[in-house]
Structures are given as C-alpha cells and as structure tokens.
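A quick write-up on the structure given underneath.
The values are calculated or read from the model by the stated rules, or taken from the named source; none is laboratory data. None of the values given here were measured: they were computed from a predicted structure. Heads up, the Cβs are rebuilt from the backbone with ideal geometry, glycines too, and the neighbour counts pull from every protein chain shown. To get the accessible areas, we keep the full protein, side chains included, count just its heavy atoms, and leave off ligands, DNA and RNA. Shrake-Rupley method; radii C 1.70, N 1.55, O 1.52, S 1.80 Å.
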Amino acid sequence: MPPPRLVLPTPAGDPGGALRRSYLRLVALSSSPRHLDQLLAVSLASGHYALDPAPATALLLRYASLRAPHAHLLRLFRAFPRPDRFLRNALLRSLPSLRPHLLFPCPDSFSFAFAATSLASSCSSRGEDAAAARALHALAVAAGYATDTFVASALAKLYFKLSRGDDARKVFDEVLSPDTILWNTLLAGLPCSEALEAFVRMVEAGRVQPDSTTLASVLRAAAEVANMAMGRCVHGYGVKCGLAEHEHVVTGLISLYAKCGDMGSARCLFDRMKDPDLVAYNALISGYSVNGMVESSTELFKELAASGWRPNSSTLVAVIPVYSPFGHELLARCLHGFVVKARLDADALVSTALTTLYCRLNDMESARSMFDAMSEKTMESWNAMISGYAQNGLTEMAIELFQQMQALNVQPNPITISSTLSACAQLGALSLGKWVHEIIAKENLELNVYVMTALIDMYAKCGSLVEARSIFDRMDNKNVVSWNAIISGYGLHGQGAEALKLYKTMLNADILPTSSTFLSVLYACSHGGLVDEGRTVFRVMTNEYRITPGIEHCTCMVDLLGRAGKLKEAFELISEFPKSAIGPGVWGALLGACMVHKDSDLAKLASQKLFELDPENAGYYVLLSNLYTSKKRYSEAAVVRQEAKSRKLVKTPGCTLIEIGDKPHVFIAGDRVHPESEAIYSYLEKLTAKMIEAGYQPVTEAALYDVEDEEKEHMVKVHSEKLAIAFGLLSTEPGTEIRIIKNLRVCLDCHNATKFISKVTQRLIVVRDASRFHHFRDGVCSCGDYW
C-alpha cells in the first residue's frame, strides 16, 4: 500500500513578513529531522507557508543537511503541485542519484550543476554510476547547457571522481572560453605531470587570470612529482601576480620545497608567516618526516601543541615516522598513546599510518591489531596491511587477507593488486597468481603499467616465463620498471643471452637504465656464465652512467667471477669496491664459489669475514663444514659444526612446495606427515631403481662424515625436493609439467637426481630454488650445471 499523500493547506496571511522570517530562522536553527517535522506539522496546522516556495526550499535543504531519508525529501517535494525552479534545484542538489525527470520542465545551469555535484558526492567507479554520469551529460548537451562553464566544471569534477579523465578533458575541450573555475577543476583532476603541462597552456593562452586556487593546485602537482624547477617557476609567477602571500599558496610552497628536500626554504617560508595555521604546521611537520628529520618533526609537533593549536588527524599522520621508522620504536609507542588519548584512533588516516609504521618495524602483531580495530577499513588500510605482510615475507597472510577482501566485495585498486601479486611471486603460487590475473581483467586494470609489471614479475617468478614475455610484448606503455622485470625474469631462468638482448633493445628505445636495471643484467650474466659481458656492463654502469655500485651489484660481480672459477680475481675485486658496498652478501658469494671449486683456504678467509659481519647466520657455518667434509678434512668440519652448536645456531630447514590443482603441498626432508607418504616412499624406491639403471649415483660428499655410506645414500634420498617430485609424478597425468619451489639452494645430489628423473619419466620438471630456476628435460638442466 503506497504511503498517504501529503496535502498542504492554503497559506494564511502574514503582514510585514515577521512570522515568515521567524519560521525561516527556526528552520535554520533546527538540529534534527524531528525538529523539522514539528515545524512542518505546525505549518500544516496553521496554514502558514505550506505552499510558499522559499520556506519550502529552506526546509528541504535543511532536511538534506541533517541526512533525512531521500524518500522523505521526495515526498515533501511531490506535495507541491507547482514546484518552482529553486525548489526543484534544491532537490537535485540533495539526492545522491540521478532522477532525469526532476530536471524538467524548466532546467537551468544550476539544475545540471547541482545534479552533477550531488552524483559526484556519492559515486564510485562502478558501471552504473558512470552510465548515470553519461546520461546527465547527454541531457545537458540536449538542453544546451553542456558548454556553460558552471555546468562543465561540475561535469568535469564528476568524471574525475569516476576516474574517467578522458571524458573530463572532452567536457573541458567543448567549452570555447573556459573560466578560471573550470581551469582549476581541470588542474585539480589531472595526473600531476599533465596538470603542470595544462597550467603552462593556461598561462600561455592568457585568456583568464589564474587565482590562488590555481597556484595551490599546480604547486601540489609539482610537489607530488618533485619537480623543483616547475615549482620555482610557479613561485616566481605567484610573486609577479601578487598571489604568493595567500595562505594556501604559501602552504603549497612549503609542501613543495619540503617534498623536494629543500627544508631550508620550507622553514624560511614558514617562519615568515605572521600567524601560521594548522595546515601550514602540518605541511612542515610532514616535510621533516618525509626527509628523515624525525627529531625536527617531533620538536615542531611539540611547538604546535604549545602554541594552542589542537593537532588533527593530518598532524598525526605527518608526525608518525612512517618514512624513517627504525630507531624510533619508543616514539611510535608514544604517538600511539597520544592518538588514543586524543580519541583519534578511530580516524582511518591515523590508523592506517600507524598500521604502516608497525609493518615497517616488522611488528606485524601490532599492525594487525590496529587494522582489526578499524570500524571502517579504507582502501589505504587494506593496502597497508596486505603490502606489510608481503614485504615482511608473510606471503600466505597477504594472500589470505586479499581473499578476505574479495569475500567482502571490496574493490581492489592497482596498489592492492600489485602487493598481492608480489606475495604470489614470493610464494610461487601460480594458481593464485592466475586467479588475481582474472580479477585484473574483471576490474579493467590491464592498462595500468604497475599492475602489468607486477603480473610480469609474478609469472616469471612462478616459472611461466612464456606468459611473462607475452604480457610484456602486449604492453603499450612500458616503463623502466617493466623492462627491469622482464630482464630479471630471463636472468632468474638462466637465459642470460636473452636478458642482454632485451637490455640492448631497451637502450635503443631511449629508456634510461637505473641501478635496478644493471642489477638485473648483472644477475643474468652471473647465472648465464657471461663473464666478459658482465664485466662490460659493470664498467658501463660506473663509468658512463655514473651509478655507484651498491651491495647487490658487488655481490653479483663476485658471484659472476666466482662461478666461473676466477676466485683470485673475485677476491681482488672486493678490495676495489666502496667500503659501504662490502657486506655479508659479497663474502657469502665468494664462500659459495669456494664451495663449488673446492678452495678451502680462500673459503676459510671468506668465512672469517662472514663470522664477523653476520655471526648469527648458520648457513655460512654449514657451507664451510660441507666444504671440509667434501675434502675429507673431518676434524676441521667438526670444529666448525661445534662452533655453530655452541652459538646455538640453527640451520634453516629445507622445505619444498608443489601445487597440485589449486592446493599447495609442502614437504620437508624425511617427511612422513603427508597422508600419501606410504605411496610416495614406495614410488620413490621404484623410481630410484630406474635412475640407477640409467646411471645415477648418489652424491653424498656433503652428508655427515660419521655415518656409513649406505646411511648417507638414504639421507640424500629423502630430501624434500625428491619427495615433492615423487608426489607430483604420482598425482598428475603422464606428460604433465612438474613445478616445485625449494626455499634453499638445491643440493648437488638433488640436482643430479632430478636430471635422471626427467629422463626416465619423460617429464619437464621446473625447480625454483633460492638462487634461480632450473628446467630439467631429457636428463639435461637449463643451467648447464652452472648454479
């Protein structure tokens, strides 16, 4: 049954309009919809102003501001037999969704502008909202108002809110003489670099005069891309036009100089302000934090509190040391306490900043506690938690949280997708990565360069290099990170020659290589045995591009020479590196090479350095002990093992993951927990017999020296990768590719055994270990036994 129609009586007279003014004042003073209901009831009962459009318009707008139900607003509007244009516009301004019939019969520019503004306040990038925006735009065109600057500005803002920048630009381009407000809308909505270009066009055209809002928008864009040169030009232009002293322009300049690292200029501008407001304080505090000047940031925060200003959520976000968290754990706890005391812990921005801070301090328990306590989780908070898990190696937690996000129908953005793909890549979870790929297609994120680059990285690290290359080749807007990802992928799979070819193609495309580019190329040369090419790339990096080698570059060079047996040259090269670049990784690479080439003397020297630099790493003790054992220097091996034991060091246990269907299975050495263990061990016995017939001999030189040879053979036979491969062979159809992931570097015996398994079973077996990918086919490994 429909609700009864509201019937309004004829108004009574009001000589002098005193009663009318009192009525309007009471409407303005009402603090709840109930108060307005009472006023309306009195009006209906007395007959005063029930049909007077001006009080009715005021009443409707006040209902809207007090968040009255939209059905209530519509009912009130429909009670008027002949609503005027003002009342109609008031309703359009108050409703969050488009109702085209309300625009007619007499729309004006305000009608379309209010409808666009109201739609923008409640819309998202969903398809139905975009369709409503296009429908409103079409009606404005048909009514002849689309080129009105007021309407165009509202429509452009609506399209920007919907992330439809191209449509917003089309709206702007249709206006022959855009005014300052329309230009400001365009500048505020465009990506930063495009906004700077648009501002230059605006000034060059000279048809309209920029105002303080224009400069504030441009300064914000310059700050975001750290374009100091453009920022200085805008500063000079502001001085010339007399706009540089406006408060929000000065605040924009402070933010610009701070984000560009010029804290001296930022502080100078701040000190020249007669009475800096809270926004100015926040900009400078943020600048100190971004530049790692945590003490200065904290001191200014104290000065702010002492000056009588009450810190708001933006202040707390600025002072929380997200950019320089290490060494400031106590400050983090103090600020967290202040946030709770100030009752700002319910603020999404503050909670997200604290979540990010705890993630960067690797305090994932506190981070998750902050995240779970949020009553309304924003996209930024989801991203902070998911990326925090991924960056701290808790990949399964990251993927689980993303799945929870999907179950709640929270729409991911490019940052969410990139973080989740990073977790899939670390875990080697190809089936989950493919599922995320489907979501990318569903959410129309395939044009985002960062998402597609993360997808390339995921497929390469999950063993599907062909798919990674296919995605790379289809990309139209490749950036240097995209090139780095595919070059790194080829290096990871041992295809150094193809990685070098891509590197040269990138240079020919006038893409400037970065430090990460050279690291990817050096890594590829190292795992491909391309010694001369690696030397050349390292020289080009330091001499031509003036890039100072970091720890990773130096580690790659030592690894490159060491793998090739050039141990002396590798050792001498270490002395030429900058001291800041000589860390455990460099000496670890040398020790690993000594293990391969059985140089115990140099290994001892390298291990001594490692025991000084990284005394808690059990892996180095294991390497040296294994080297001594392989050379039958058992007493020295025993001393090394005893030293590790006395320090209570525990070697990271080896484990191997294999996905069957969509389900992951993890094995450890000698594992009998798996429900299929009996079948796995039985099959492995039969498989080993076939391998021995084909010429396989167990490599036991690194096994414990104080056990019998038969026991040594059993020890290497039950390594986790052999168990995973046996399970994979049992669980899949003949000819199916087997993919496994090992958390440590594959041992010599398992590498040798996998070659024979691929031969006797006629299967392609792809192994990802801690170092690289190995593709085993017909008894041969893609690494050429060079790993």
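Condition check ((1) surrounded by fewer than 21 Cβ atoms within 10 Å (Cβ to Cβ); (2) modelled with pLDDT under 80; (3) part of a loop (DSSP other than H, G, I, E, B); (4) in contact with a Pro (Cβ under 7 Å, 6 or more places away or on another chain)) across all residues:
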site: GLU701; (1), (2), (3), (4): yes, yes, yes, no
site: HIS714; (1), (2), (3), (4): yes, yes, no, no
site: ALA724; (1), (2), (3), (4): no, no, no, no
site: THR736; (1), (2), (3), (4): yes, no, yes, no
site: LEU744; (1), (2), (3), (4): yes, no, yes, no
site: ASP749; (1), (2), (3), (4): no, no, no, yes
site: ASN752; (1), (2), (3), (4): yes, no, no, no
site: VAL760; (1), (2), (3), (4): yes, no, no, no
site: HIS774; (1), (2), (3), (4): no, no, no, no
The residue from GLY264, GLY287 that alone is under 26 Å from the mean Cα position of the chain (by Cα), outside any loop (DSSP other than H, G, I, E, B) and closer than 25 Å to SER212 by Cβ is GLY287
Among the residues of segment 166-198 satisfying the criterion of being within 30 Å of PRO105 (Cβ to Cβ) and among the hydroxyl-bearing types (Ser, Thr, Tyr), which is modelled with the lowest pLDDT?
SER177
Name the residues in segment 367-397 that are farther than 14 Å from ALA423 by Cβ, surrounded by 19 or more Cβ atoms within 10 Å (Cβ to Cβ) and of a type in the set (S, T, N, Q), would you?
SER381
Exactly one of (1) farther than 30 Å from ARG343 by Cα; (2) touching a residue at least 12 places away in the same chain (Cβ under 8 Å); (3) in a helix (DSSP H, G or I) is unmet by GLY393. Its number?
(3)
Give the residue, chosen from THR147, THR185, THR213, that is farther than 23 Å from PRO412 by Cβ, touching a residue at least 24 places away in the same chain (Cβ under 8 Å) and surrounded by 20 or more Cβ atoms within 10 Å (Cβ to Cβ).
THR185
I need the full set of residues from segment 633-650 which are in contact (Cβ under 8 Å) with a residue 40 or more places away in the chain and either hydroxyl-bearing (Ser, Thr, Tyr) or open to solvent by 90 Å² or more (accessible area, probe 1.4 Å) (or both), in order please.
TYR634
Return the residues of segment 425-442 that are without any contact (Cβ under 8 Å) to a residue 12 or more places away in the chain and among the small types (Gly, Ala, Ser); say none if nothing qualifies.
ALA441
Answer yes if at least one residue in segment 336-343 is of a type in the set (Lys, Arg), open to solvent by 20 Å² or more (accessible area, probe 1.4 Å) and assigned to a loop (DSSP other than H, G, I, E, B), and no otherwise.
yes
Here is a list of conditions, (1) free of Cβ contacts under 8 Å to residues at least 24 places away in the same chain; (2) surrounded by 15 or more Cβ atoms within 10 Å (Cβ to Cβ); (3) among the acidic types (Asp, Glu), and ASP347 meets all of them except one; can you say which number that is?
(1)
Checking the condition closer than 25 Å to TRP483 by Cα and either among the hydroxyl-bearing types (Ser, Thr, Tyr) or in contact with a helix residue (DSSP H, G or I) (Cβ under 7 Å, 6 or more places away or on another chain) (or both), which residue from SER515, SER600 passes?
SER515
SER422 vs. criteria open to solvent by less than 40 Å² (accessible area, probe 1.4 Å) and under 16 Å from the mean Cα position of the chain (by Cα)
no
Mind telling me which of the residues LYS501, LYS434 ends up being modelled with pLDDT of 95 or more and either under 19 Å from the mean Cα position of the chain (by Cα) or open to solvent by 60 Å² or more (accessible area, probe 1.4 Å) (or both)?
LYS501
Counted residues, segment 294-317 - those being aliphatic (A, V, I, L, M) and surrounded by fewer than 17 Cβ atoms within 10 Å (Cβ to Cβ)
2
May I ask you to list the residues in segment 1-27 that are at pLDDT 80 or above and surrounded by 12 or more Cβ atoms within 10 Å (Cβ to Cβ)?
LEU26, VAL27
Matching residues, segment 361-399, being within 14 Å of the chain's Cα centre (by Cα) and charged (D, E, K, R)
GLU380
Go through segment 253-275 and count every residue that is of a type outside the set (A, V, I, L, M) and open to solvent by less than 20 Å² (accessible area, probe 1.4 Å).
2
Residue pairs within 8 Å by beta carbon, gap of at least six or interchain, first lying in segment 408-419 and over 9 Å from VAL451 (Cα atoms) and open to solvent by 80 Å² or more (accessible area, probe 1.4 Å), second part of a helix (DSSP H, G or I) and among the small types (Gly, Ala, Ser), listed first then second, are none
Taking segment 233-249 and keeping only residues that are in a helix (DSSP H, G or I), under 26 Å from THR315 (Cα atoms) and open to solvent by 10 Å² or more (accessible area, probe 1.4 Å), one is left with HIS235, GLU247, HIS248
Within segment 569-587, restricting attention to residues that are outside any loop (DSSP other than H, G, I, E, B) and hydrophobic (A, V, I, L, M, F, W, C), which residue is most open to solvent (accessible area, probe 1.4 Å)?
PHE571
Within segment 540-561, take every residue that is in a helix (DSSP H, G or I) and among the charged types (D, E, K, R) and give me the one that is surrounded by the fewest Cβ atoms within 10 Å (Cβ to Cβ).
GLU544
Can you list residue pairs whose Cβ atoms sit under 7 Å apart, with the first residue in segment 762-775 being in contact (Cβ under 8 Å) with a residue 12 or more places away in the chain and the second being open to solvent by 30 Å² or more (accessible area, probe 1.4 Å) and of a type in the set (S, T, N, Q)? Count only pairs 6 or more apart in sequence or on different chains.
ALA770/ASN743; HIS774/SER782; HIS775/SER782
Test ASP614 against the criterion of being of a type in the set (Asp, Glu), in contact with a helix residue (DSSP H, G or I) (Cβ under 9 Å, 6 or more places away or on another chain) and closer than 20 Å to LEU748 by Cβ, and give yes or no.
no
Regarding PHE172, is this residue within 21 Å of LEU158 (Cβ to Cβ) and among the aromatic types (Phe, Trp, Tyr)?
yes
Identity of the residue in segment 151-165, open to solvent by 90 Å² or more (accessible area, probe 1.4 Å) and either modelled with pLDDT of 90 or more or touching a helix residue (DSSP H, G or I) at 6+ places or on another chain (Cβ under 8 Å) (or both), that ends up farthest from SER111 (Cα to Cα):
LYS161
If I filter segment 444-459 for residues that are out of contact with any Ser or Thr (no Cβ under 8 Å at 6 or more places or on another chain) and buried (at least 24 other Cβ atoms within 10 Å of the Cβ), do I get at least one hit?
yes
